[in-house]
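Take a look at the structure below.
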Amino acid sequence: MAFDYSLDFKNIDFRQHPELYRVGKGEQGVLLVEPYKSEILPYWRFKTPDIARESSQKIYEIFLDYLDKDDFIGADMARKFLQMGYTRSRRYANHKSGRKYKQDDENKEILPYDVDPVKAESAAIFKIKWIEAKTNDKYLHLLAKHKQMYERAYKIQQ
């Protein structure tokens, strides 16, 4: 089910309204869904491998804490932050500026790769924790439960 970008994210507490949350694909909504964004974002860093290790471990601990509370949305948001740690550090590993495409090019021509091994290591650190999170048995159980409870009902209402 696609992430619903039409919601009033500034005024929705998804902890109070889990029925409104859609998983979407990949990292969709990672910087929108409150209060989770504000709880996780301060720990999200990837500048060096040491910072990435500390950040990914802290976010993974937050992920596990949400699972202990059966808070699927929190766990999913932590999973998205781990995934975003991987994808963003991977982008900076490939392109020093962090920009993948030429800024003025309408054809979206990809800039040449300028590999940064430090950022590549940061990406690898986040990837390990992201894979751990997305394959966690309890996470997968809560994901299925959330989809059954809310997303199927959402489809029927449409």
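Across region 34-157 the C-alpha pair distances fall into 10 Å bins from zero in the proportions 14, 35, 27, 19, 5 percent. The slack between VAL115 and LYS25, meaning 0.36 nm per residue of separation minus the straight C-alpha distance, is 29.7 nm. Under the simplified labelling scheme, the GLN103-ASP68 pair shows an inter-label distance of 4.6 nm, with each label point 7 Å from Cα along Cα→Cβ.
Which FRET efficiency, nearest 0.05, do ARG91 and HIS141 yield, Cβ-Cβ r, R0 30 Å? Before the final figure, lay out the partial values.
On the way: r = 32 Å, r/R0 = 1.06.
For R0 = 30 Å, the calculated efficiency reads 0.40.
Placing unit charges on the Cβ atoms only, positive for Lys and Arg and negative for Asp and Glu, gives the chain a dipole magnitude near 340 debye about its Cα centre.
For the chain, the longest stretch holding no chymotrypsin sites (Phe, Trp or Tyr not before Pro) located in a DSSP loop with at most 12 other Cβ atoms within 10 Å is which?
Free of exposed loop sites, the longest segment is 6-112.
When the trypsin sites (Lys or Arg not before Pro) in region 57-140 are filtered for DSSP coil states and for at most 14 other beta-carbon atoms within 10 Å of their beta-carbon, the remaining sites are LYS69, LYS96, ARG99, LYS100, LYS102, LYS108. In terms of distances greater than 24 angstrom between alpha carbons, the cross-link table entries LYS47/LYS127; LYS80/LYS147; LYS108/LYS134; LYS58/LYS108 yield LYS108/LYS134; LYS58/LYS108. When the chain is treated as a Gaussian network with alpha carbon springs shorter than 10 Å, the biggest mean-square fluctuation among SER56, SER89, SER38 belongs to SER38.
None of the figures in this text is laboratory data; all of them are computed from the coordinates on show. All figures in this text were calculated on a predicted structure; none of them were measured in a lab. Ideal geometry is used to build each Cβ from the backbone, glycine not excepted, and the neighbour counts take in all protein chains shown.
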